[in-house]
Every structure is written in structure tokens, then in C-alpha cells.
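Everything below concerns the one structure shown next.
The values are calculated or read from the model by the stated rules, or taken from the named source; none is laboratory data. Being a predicted model, the structure only gives us computed values, none of them experimental. Here the Cβ is made from the backbone with ideal geometry for all residues, glycine too, and neighbour counts use every protein chain on show.
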């Protein structure tokens, strides 16, 4: 079990490479928004969601009301529902409490990693938790470091830290494009997401684009199967 | 807001984040989904990651920018290549971040 867990730790290293800088950027922003250390790092423990935390820190800084913060977080993070459903069939034989813990650390990045790991085989549960726990630990440490450095740092851009998130998404997306129809739907989803974003739907664009493109993809796939058979 | 109210708000943010993460898994795990639902869900990894990525590359400053001044978009081309050709997750992330840092330094 220990060796499975450690294998998970190793698999998570690419996520760590992205989470430390993005967590750091969040920590800097949280410090500049006037959050206390405990709450700033606490958010990384309790919420653990990159984009929602960056938006949240900004809203706290702007003096937003609690209800607005909670509602925004809900909308921004609702996409995880689809990821959770997509992983559900892979969790055969898991106990409810294990699923409850696993779901706590489901992020865009851990989801993409698990959907690759679980696509053909079912890896040991300890390995899966190794990936998750390592990822969140690096996120928490990155936020802590960013918060502590926040007073000295004006901008996190010069060293390319701000590109950690896009680079991580590229690394996670490419292996998912196994069939041409997935590639085409990814392009469609990306285009829809940009369009909705530019139209001002800057919190619901991701989930809306995902739902539409997946539905179109299903339709195209059914139609292709129909015509070929 | 004082820090205790901030903390309560964060707990609320945590709750509304956790429920959508865990409920579908808890309710659907171990069940056999209808084949069309399973097929629909098989599109989610590719479509959700593309939807997350695209606005950051094409509108890094919040508005449309398809030009050579858009470092995010320029750096994405070799980063995609590395991801596709070498299938190294770590190498891809390092390439992207390194390129953006280098381009800022030299351009």
C-alpha cells in the first residue's frame, strides 16, 4: 500500500510543478487583498479550487458580500459536477467514505490525471489518493509561500509563473484527444468558451461550452455510427 | 469583513464546491449508466479542458488578442507540440513556463 501511495506521489509531480506557482500567485493575491494568513491558507485547505480562489481573493479584496462570494464560487465550480459524473463508473468497489474523501480533492487537474489513469485499468486506491494528497499539499504550500512573499512581490509575471495554468491545461488536454471526434469537439468547446467569455458570461462559459460541445459530439458520433453500419 | 466572517464565508464556499464534486460520484458509482450517458461523459475530459484553456490563450487580458504580441498564444504552439510529440506532462508544463519567461526576457 505504501509503494502504491508513493507511485501516486510520483504521478502527481507534473501537477505539483503547476500547483506551486499557481498556488503562489493565489497567495500573493490573497495577501494583497488583505486576507489574514489563516484564512488565506485555509481557503486552499477548505475550497481547493484554483480559479475560484483567485476570483474569491479578488472579491474579498473588493469588499464583496458573503452571499456574492459563495454564489460566484458555486457557479465557477459547478463544472466539477460533470467531472465527478465522468469518473463515477470507474469507482466500482469503492466504499462510500473513500468516494467522499476522493471527491474532496477533485480539481480540473486531478480529474484529467485520473481519467487518464483509470481509462483502461483500475489503479490501486492508495495510488489514487497519493496523487490527490500530493496535489493538494503542493497547492497549500504554494499558497503559504506566496502569502509570506506577498509583501515583497509586486507581480508574479516576470518568471512565467502566470503561464503555469495554461501550460498545465495543454499538457492535460492533448492526451485526451485520442479520436478525431474528440479533437473536433475540443476545438468547438474552446471556441464556444471564448465566445461566451467575450459576451460577458465570464463565470458560466466553461460549463456551458462543455455541455454543448459534448452533446454535439454525442450526436456526431451516433450519426457516424449510423451511416457506417 | 472581519476574519471570523471571512472564515464562515470560506466554509460556505467550500460547501458549494464540495457538493457538486462529490454528489454525482456518490450517486452514480458502481451503477451501470445508460450507454448514451457514458458516451456523453466520455467527451467531458476533452471538452472541459479545452473550454478552460481557450479563453486564457486567446484573451489573456480579457479581450480578444490574436497577434504576435500575445505571448500566451505564441508559447502555446511549441507547448502543444511538446505535449503531442513527447507525451511528457512535466516537460510540457516546464516548456510553457520557460518559454514565456524567456520571451519576456528577450522580446
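Observations
- Pairs are defined by a Cβ separation below 6 Å, a sequence spacing of at least 6 or placement on different chains, a first member in segment A:32-47 that is within 22 Å of residue A:75 (Cα to Cα), and a second member that is surrounded by 21 or more Cβ atoms within 10 Å (Cβ to Cβ) and at pLDDT below 95; the pairs so defined are A:33/A:57; A:33/A:60; A:40/A:30; A:43/A:53; A:47/A:53.
- Residue within segment A:170-178 that is free of Cβ contacts under 8 Å to residues at least 24 places away in the same chain, more than 7 Å from chain B (Cβ to nearest Cβ) and on the phi < 0 side of the Ramachandran plot present: yes
- Annotation: of all residues in segment A:69-106 being more than 8 Å from chain B (Cβ to nearest Cβ) and touching a helix residue (DSSP H, G or I) at 6+ places or on another chain (Cβ under 7 Å), the one that is surrounded by the most Cβ atoms within 10 Å (Cβ to Cβ) is A:76.
- Count of residues meeting criterion [over 13 Å from the mean Cα position of the chain (by Cα) and facing chain A (nearest Cβ under 7 Å)] in segment B:36-56: 6
- Flag if residue A:127 is closer than 12 Å to residue B:17 by Cβ, more than 7 Å from every other protein chain (Cβ to nearest Cβ) and at pLDDT 95 or above: no
- Taking the criterion of being surrounded by 18 or more Cβ atoms within 10 Å (Cβ to Cβ), within 13 Å of chain B (Cβ to nearest Cβ) and either under 18 Å from residue B:83 (Cα atoms) or more than 17 Å from the chain's Cα centre (by Cα) (or both), the residues of segment A:138-160 that qualify are A:156, A:160.
- Subset tally (residues that are surrounded by fewer than 23 Cβ atoms within 10 Å (Cβ to Cβ) and more than 9 Å from chain B (Cβ to nearest Cβ)) for segment A:51-63: 6
- Single residue of A:168, A:224 found to be part of a helix (DSSP H, G or I) and crowded, with 21+ Cβ neighbours inside 10 Å: A:168
- Count of residues meeting criterion [outside any helix (DSSP H, G or I) and over 22 Å from residue A:203 (Cα atoms)] in segment A:1-54: 5
- Which listed residue is modelled with pLDDT of 95 or more and either surrounded by fewer than 19 Cβ atoms within 10 Å (Cβ to Cβ) or more than 8 Å from every other protein chain (Cβ to nearest Cβ) (or both), from B:102, B:23, B:64, B:33: B:23
- Selection from segment B:67-88 of residues that are closer than 25 Å to residue A:194 by Cα and at the interface with chain A (Cβ under 9 Å from one of its Cβ atoms): B:71, B:72, B:75, B:76, B:79, B:80, B:82, B:83, B:84
- Any chance residue A:110 is more than 9 Å from chain B (Cβ to nearest Cβ) and closer than 27 Å to residue A:197 by Cβ: yes
- All positions within segment A:5-38 that are within 10 Å of another protein chain (Cβ to nearest Cβ), crowded, with 22+ Cβ neighbours inside 10 Å and within 20 Å of residue A:62 (Cα to Cα): A:35
- Residue A:134 being crowded, with 24+ Cβ neighbours inside 10 Å and touching a helix residue (DSSP H, G or I) at 6+ places or on another chain (Cβ under 8 Å): no
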